[in-house]
Each structure stands twice: as structure tokens, then as C-alpha cells.
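As C-alpha cells, the structure follows; a few thoughts come after it.
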Amino acid sequence: DAGITQSPRHKVTETGTPVTLRCHQTENHRYMYWYRQDPGHGLRLIHYSYGVKDTDKGEVSDGYSVSRSKTEDFLLTLESATSSQTSVYFCAISAQGADGNTIYFGEGSWLTVV
Amino acid sequence: DQQVKQNSPSLSVQEGRISILNCDYTNSMFDYFLWYKKYPAEGPTFLISISSIKDKNEDGRFTVFLNKSAKHLSLHIVPSQPGDSAVYFCAANWVGGSQGNLIFGKGTKLSVKP
């Protein structure tokens, strides 16, 4: 258990509406991530954060924005949801291990855009 | 261009036998490799990792082998159990890359039949 809580866990929204997914961690990890998982694509990085107010784009960042105003919270916003953003979204944190950094995931947020 | 490839979308194995999941990579800069297991409706869970300075790492029933010259790694599960049925993702990173920014394969669905 990496101490990650995602909310909401399930959401259905209409095309064109804004949506915010929240990730909360309790273990003061510096690095946080948002991934999406789609059939045939595996897990793809959307955005990540390396500290409060420090964020950067990942592989599939178009249509998404993020914010991190506190160490424990990392928000993912879809400004105007589209059907192509129907997906499962996973928040993650990075922890240093003996040989390298290991990512630990939250339980996921299922988003359907209709 | 896929940097991490899992060429078998699915694998079916009898309970008690060995499961071998394969992963190939193209980026010679990768120096840390991980395997994740994912059950439906749950987040991916970290399984085992290996540094490029090693060619084998073992944890109970799970062993990961790394062949750097062939840019190939494999996950062996012995003996396989029905509870091992899940999607397995291979991932890779390198020390000079963004911390914890893992590149994932598309996954292999393992089915272990009783």
C-alpha cells in the first residue's frame, strides 16, 4: 500500500464538460504521476510532478493539465472532456529502492465521456 | 516507436507449470527493469525488478532474467497458480531519465488454468 487515494473512482461525464481527478498521498513522496491505461496501449504517462508547483508533460499530455499546490495532492484536469479521454486513470508515486526508482500505483479512476 | 515490447498479448499455462513472459527493449540506455501485475478493476502492483548490473533476480516463485546483449528480459513464474492470472506489464527506465518515468510495454494477459 503506497498510501495513494484517488477520487472519484468512477465518473461519467458529458463531452465538453470539465473534469478533475484528485490524487492524494500520505507519505510525502516528492514525485507523483498520472498515467492512463487503454487496451492495446499499456500504461502511458500524461503528466508528472517533481515537487510543489513543479510539473512536466508526459507522452500523452494534450487535453490535460495538472496542478500541485501541496505535496500530498496532485490534480489532473480535463478542460473539455472528449470521448477519446474515456479511460482508466492511475495516479502513482515514485520511491527510491536499492537498485532504482519504483513506481507504485493507486487503484484507478474510471472515466467515461459520453 | 515502441521502446518496450511485449510481443505476446496472451499466454495460457496449466497450474503447476512454468509461465514465461517475455519483454524486449530497444533503448540501450535503459538500466532498470520492472514487472507489474494487474488484476481487473485494480491498479498495477509492483512485482519484481532488476538492475542492468545483474542478470537474474529472484523473489519466491518469481524470477526475472536479463540478457543485455539481446535487449531481452523475461519473467518466470514457477509453479504457476490460478491466482497468477492477470495482465503483466514490463517497464524500463534509466538513471539519467526523469525519475520514475517508466516506459511500459502493452502487457501480456496470463491465464493459469486449474
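Listing for the model above:
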item	result
Distance between modelled label sites at residue A:73 and residue A:57, nm, 7 Å Cα→Cβ extension	2.6 nm
Set of lysines with alpha-carbon distance to residue B:56 below 30 Å, sequence-local pairs under 8 removed	B:5, B:37, B:38, B:68, B:71, B:106, B:109, B:113
At q = 0.12, 0.24 Å⁻¹, base-10 log of I(q)/I(0) for the range B:4-113 (Debye sum, equal scatterers on each alpha carbon)	-0.37, -1.42
Rel. contact order, % - alpha carbon contacts under 8 angstrom, at least six apart, the range A:4-113	34 percent
Estimated inter-spin distance, residue B:39 and residue A:86, nm [label 7 Å along Cα→Cβ]	2.7 nm
With every protein chain in place, the range A:4-113: carbon and sulfur % of accessible area (1.4 Å)	46 percent
Relative packing of B:83-91, B:52-60, B:12-20, which averages over residues the other C-beta atoms within 10 Å, highest first	B:83-91, B:12-20, B:52-60
Peptide-level mean, for A:92-102, of C-beta atoms on other protein chains within 10 Å	6
Within the accessible area of chain B (1.4 Å probe), percent carbon and sulfur	49 percent
Total accessible area lost when A and B pair, probe 1.4 Å, Å² to nearest 100	1800 Å²
Complex-versus-alone comparison for the range B:12-52, residues with a loss of 50 Å² or more in accessible area, probe 1.4 Å	B:32, B:44
Percent of beta bridges antiparallel (DSSP, the protein assembly as shown, rounded to nearest 5)	90 percent
Heavy-atom surface of the protein assembly as shown, accessible at 1.4 Å and reported per residue (Å²)	47 Å²
For the range A:1-64 versus the range B:1-72, the gap between their alpha-carbon centres in whole angstrom	24 Å
Net charge of Cβ neighbours under 12 Å - reference residue A:58; Lys, Arg +1; Asp, Glu -1	0
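The values are calculated or read from the model by the stated rules, or taken from the named source; none is laboratory data. Just so you know, these numbers come straight off a predicted model, no measurement behind them. We place every Cβ from the backbone using ideal geometry, glycine too, and count neighbours over all the protein chains shown. Each accessible area value is taken on the protein alone, full model and side chains, heavy atoms only, with ligands, DNA and RNA left out. Shrake-Rupley method; radii C 1.70, N 1.55, O 1.52, S 1.80 Å.
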